[in-house]
Each structure stands twice: as C-alpha cells, then as structure tokens.
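The values are calculated or read from the model by the stated rules, or taken from the named source; none is laboratory data. Everything quoted here is computed from the prediction, not taken from an experiment. Cβ sites come from the backbone with ideal geometry, for glycine too, and all protein chains shown count toward neighbours. To get the accessible areas, we keep the full protein, side chains included, count just its heavy atoms, and leave off ligands, DNA and RNA. Shrake-Rupley method; radii C 1.70, N 1.55, O 1.52, S 1.80 Å.
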Amino acid sequence: MTTPGGTKQTGQPEHVGRPAAAAARWRPQVPLVVATAMRVAALLAIVGVLRPDLRENLVGTTAYVPRAALFAVSITTAGVLLVLARGIRLRKRRAFWLTVGASALGVLSHLATRSWGDAALNLVIFGLLVITRRDFAARSEPESRWLALRAFLLLSLAAFVGGMILTSRAAPGSSFLERARETFFGLFGFTPNLEFREADLSTLTQTALATLGLLVLLVSLTVLLLPTRVAAHLEPEEEAALRALLDKHGDRDSLGYFALRRDKSVVFSRTGKAAIAYRVIGGVSLASGDPIGDPEAWPGAIEAWLAEVDGFGYTPGVLGAGERGAETYARAGFDALELGDEAVLELADLSLEGRAMRPVRQAVNRVARAGYTSQVRRQGDLDPTELAEVMAAAESFRNGEVERGFSMALGRLGDPDDPGIVLVTARDGEGALVAVLGFVPWGSRGLSLDVMRRARGSENGTVEFLVMAAAAAGPALGIERLSLNFAVFRSAFARGDRIGAGPVLRLWRQVLLVASKWWQIESLYRANVKYQPVWIPRFVCFRRSADLPRIGIAALKAEAFITIPSLGRATGSLARRA
C-alpha cells in the first residue's frame, strides 16, 4: 500500500525473518481456530455428560464434589463456551478473559469425570489463548456491563420465582424456607432435597431448575458481550470536511453526496484527503459506496476504518462500491461480489426518437396531453412558500411510515444546507402538485436520484415525464448525466431469457421472478431499462464469505427493508429511492 506522499507501507518491517513472517500469516487465523475449537469442545462436553456410563466415570472424590455439581459444571461450561466463541472470533478482550476462566474450569471438570479427550481440548484452548493473548484487544460496549448486571438480577429473580412455583407444586409438603433453599441451590444444578409427591418429580424439578439457572447465565453473558454501539452522527465539522472533499472529487461517484447523511459516522485518512462514511448495525460496520476524496488516499481511509473495525471487533462490509472502489477494497483484503447495476443517463446521447425509446415517448406524450406541466429548479431557488408546498406534497406521497434509504438516499429534502438539490415537480391540468423528483449533486456535472414520489391518482407515466423534463433542463443547469435507480441482479434479467443462457442462470432468473412477487426486484430493472441507460456495476465487499449473511441483514436494516420486529416490504436494494 502507498500513502498519498508515495511512501511504501507494508504490514511488517523488511528485516523480519521467515519465522516472524510465518507467524504474521497464521496469527490472524488464531481467533477463528480457537472459536471453532471452543464450539467442538462444547458439543463434545454436551455429548459427554449425556453418556449412560457417566456415573461410572466419576472419580472417588465425589464425596467432596457432588455428582450433580460436576454434571452442572460440564453443561454450564459447554453453554458458556458456545456463547463466548463468537466474542473470541471477534477478538473481544472481555470474551478472552471469560474464555480463559471457562476453559480452565472445563479442564478441571472433565478431569474429574475422566473425560480425557475433552480435558485435553480445553487445555489446548487455554494454551492457545495464553500464547496469543495480545491478539485479543477488541473493546466491548462499556454500558453492557450494567445491562448484563441488570439482566442477571431480573432474570435471577424471575428464575427463582418460577422455581418456587414449581417446587410448591412438586413438593407441597415442604416448608417455604426449605423450598427457597433448595430452589436456590437447584439453580446451580444441585438436586433438590425435598419431599416430592412422586419420585419422578425430583429429576424433573432438578432439570427444570438447572435449565433456568443456565439460561440466566447465558443470557446475561450474551448481554455482556453485546457489540459496541457507536452513535451514528455526522458532526458539523465532519460534514464541512466531507463537503470540501466532494467539491474536489465529487464527480467520481454518484453516491458520494449520500455520505452527507447525518445518521452516518465518518472516518478520515491520516492526511484528511479521503474518508469513509459508515454505520454500525448489529456488530456490522457497513460502509456505502466508494471512499470519498482523492483515490490515491483511499487506502489510508480504508486503513483508518479497519483500525476502528478491528478495535471494536466489528464485521466490515461495503454496500454499493463501484469498480475502482471494489478494486481498492480488494487490495485491502476484501472479496467483491457484483450486486447489480446502476442506471446512468448520458444526456448528450439521450433522445426520445427511435423504436427503443417508444415506451418512454408514449408515456411522456400521454401525460402531456393530460395537461400536465413540469418545473425543474434548484432547491435554493425556491421561495419558502413554494418549498413548503413541495415538502408537504412529497411527504403526503410517501408510501408507508418508514423512511427508507442508506446508501443511495439523503433523507433530508428541503434542508437549507443543500441548496444544490434539483427538484422536478409536476402539476396536473388544475394546477395541483402531483409528483416530485429530487436529485442530489453528483459533482459539478451530474445529478443522482434521491426522491421519487407521486400521487396515487396521477397519470400513468408521470415519472417518465419528469425524468425527461430533468434531462431536457440539464444543459441549462450544467448537467451532463443523471443517475437513476439501482437494479439488483440486473444481468440475470438481461441475459437469463436469451438463447444460450445456461441452466444455472435460467434457474437464478426464475428464483428472482418469484421473489419479485413480493419485492420490487424485476420492476426496478424494467423501470430503468426503458431509458436505454449506461449500466454501472455495483459491488458488495466483504472479508469472509461467512460474513455475507450478517452483512446482508445489516444492509436490509440500514435501508429500512427490515424493521424490528417485522420484515418491511423490500426491494433488496441498494434501492434507494422508493
């Protein structure tokens, strides 16, 4: 990697010998290896304690350590290892210390039950952790300690009350104090010593109490290891710095202006010549588009972003990177997967003439005959009364309560800090405002679609009418290109039904067609292809293939296509603009 000043940077000094270089290659894999070993150890422990010959394997020291306690320790250790494995994979310091304790406890409990293989595996985990202890430095959410304590106290109270109700029914002849004492110890896995109505109720009660106690521990531990929450907020000085970078390099990426969303965070390269906008969602640090600024400084911005990612144990992901951005991320250790294509209109080549543009031409003519008129103006040129009318109309046209968008939406139409936004409005024959398109600046010579809304009763073809109005006004505004919607998996629709398409591509197209019954996948492609645009590929970037599901879920949450607790009506986009 080369810094903007031209200085070569490598991951290690050139004098480092082969042993150190080999260590540098395998050490990053240690957390994954340890986490896998922990999961294996946990599963083996669960299988081990369920063996019929468990009692025969217990050593004679059970006079001092009850068999039930050893059983509970083994099960609890297995559960704890499973919960801690994810924290270890993310290099969490807090998970490291807890795992050291759990593995040491596992060694002792498995030695006591003569489970030599399980004890050896726990010992290997313990040794690996001690040797690589410096690699586990990722921070956790400070507030999660108090959340975990509150969760532990509330859940413990609930478990105790539940246990008291259970023992009152199973052993009604016992006193309140006896049931309270035995319930308390039963939550730790000990066998309740009560006068049960039936012999089988002793085992059932023990199992139920031990399960409640284990759930209290595991839930509290999960809360303790919650991902760190970083407030997604763009400070005024950060926004000013981003605007300065966009003034110099905004022509490079149609998504650049969307980095100014104030619900994103931003990290700059050491030189300040490049930046990455992102948001942390469920432990995923999700960046959008290409880095902002000088491409020569992009590696520095990625390095700064990854330093934060690794410092907190996040999963990094990039949504909607362009080709050059994806190449830069690839040099930083990412893989890239083509997600779809962005439709871009080159205004110098755009015309309503010709057979290919017939659908658009017919739509525009139909709307014009209905008496519709259009206006194309910069937001800063509208007087307050007009702007208020446009804002009210755009809000009333919005479909649904949730404001969607992240990577390809700004989300603040009408803000006085964005006078360069271009508003394209349509009025019907009676002068009523029936549709609004909003375009954010794409450098000095382009516009990128942000908002696309129209009244339900407006004439079919109103959107096409406004897009062509924006294109016609482009030269007067100094605009040469328009970025429209993003078409997810466009190539599957474009090539899947052609002669010579392979069976895999045809099957994939059929899957997407079925999915389009619920999500606007095909319709977004059809809505854009009619303009005969230039298709610009966009990519999702990731470090590991196993991270793709988490990145995908984080992206859907960011775009507001997944809302808790229900799944919103999704296009799966990057689809900005709904």
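Among the criteria (1) outside any loop (DSSP other than H, G, I, E, B); (2) open to solvent by less than 20 Å² (accessible area, probe 1.4 Å); (3) among the hydroxyl-bearing types (Ser, Thr, Tyr); (4) out of contact with any helix residue (DSSP H, G or I) (no Cβ under 8 Å at 6 or more places or on another chain), the one Ser458 does not fulfil is (1).
Look at (1) over 29 Å from the mean Cα position of the chain (by Cα); (2) open to solvent by less than 10 Å² (accessible area, probe 1.4 Å) and you find that Ile88 fails only one, number (1).
For segment 272-311, name all the residues that are of a type in the set (Gly, Ala, Ser) and assigned to a loop (DSSP other than H, G, I, E, B). Reasoning before the result, please.
Of all residues in segment 272-311, those of a type in the set (Gly, Ala, Ser) come to 272, 274-275, 277, 282-283, 285, 287-289, 293, 297, 300-301, 304, 307, 311.
Correct list: Gly272, Gly282, Gly283, Gly289.
Within segment 388-420, being among the aliphatic types (A, V, I, L, M), at pLDDT 90 or above and open to solvent by 30 Å² or more (accessible area, probe 1.4 Å) holds for Ala388, Met391, Ala392. None of Arg355, Arg279, Arg361 is free of Cβ contacts under 8 Å to residues at least 12 places away in the same chain, in contact with a Leu (Cβ under 6 Å, 6 or more places away or on another chain) and not hydrophobic (A, V, I, L, M, F, W, C) except Arg361.
Which ones in segment 325-346 are touching a Lys or Arg at 6+ places or on another chain (Cβ under 8 Å) and charged (D, E, K, R)? Talk me through it step by step, then tell me what you get.
If we filter segment 325-346 for residues that are touching a Lys or Arg at 6+ places or on another chain (Cβ under 8 Å), which is where we start, we get 333-335, 338-342, 344-346.
Selection gives Asp335, Glu338, Asp341, Glu342, Glu346.
All of Lys264, Lys273 fail the test of being among the basic types (Lys, Arg) and open to solvent by less than 10 Å² (accessible area, probe 1.4 Å), apart from Lys264.
Of the residues Ile131, Ile125, which is buried (at least 16 other Cβ atoms within 10 Å of the Cβ) and farther than 21 Å from Leu187 by Cβ?
Residue meeting the stated conditions: Ile125.
Considering segment 176-271, the qualifying helices (runs of 4 or more DSSP H), each wholly inside and each with 2 or more residues that are in contact with a strand residue (DSSP E or B) (Cβ under 6 Å, 6 or more places away or on another chain), run over 236-249. Candidates in segment 421-445 are the residues that are open to solvent by 20 Å² or more (accessible area, probe 1.4 Å) and either under 13 Å from Val367 (Cβ atoms) or free of Cβ contacts under 8 Å to residues at least 60 places away in the same chain (or both); of these, the one that is nearest to the chain's Cα centre (by Cα) is Leu433.
If we keep just the residues of segment 325-352 that are without any contact (Cβ under 8 Å) to a residue 40 or more places away in the chain and in a helix (DSSP H, G or I), which is farthest from the chain's Cα centre (by Cα)? Top of the filtered list is Asp349.
Phe312 meets each of the listed conditions (1) closer than 13 Å to Arg270 by Cβ; (2) touching a Lys or Arg at 6+ places or on another chain (Cβ under 6 Å) apart from (1). For segment 533-549, a tally of residues being without any contact (Cβ under 8 Å) to a residue 40 or more places away in the chain and either buried (at least 16 other Cβ atoms within 10 Å of the Cβ) or of a type in the set (Asp, Glu) (or both) returns 0. Gly420 falls short on exactly one of the conditions (1) in contact with a helix residue (DSSP H, G or I) (Cβ under 9 Å, 6 or more places away or on another chain); (2) over 26 Å from Ser254 (Cβ atoms), and that condition is (2).
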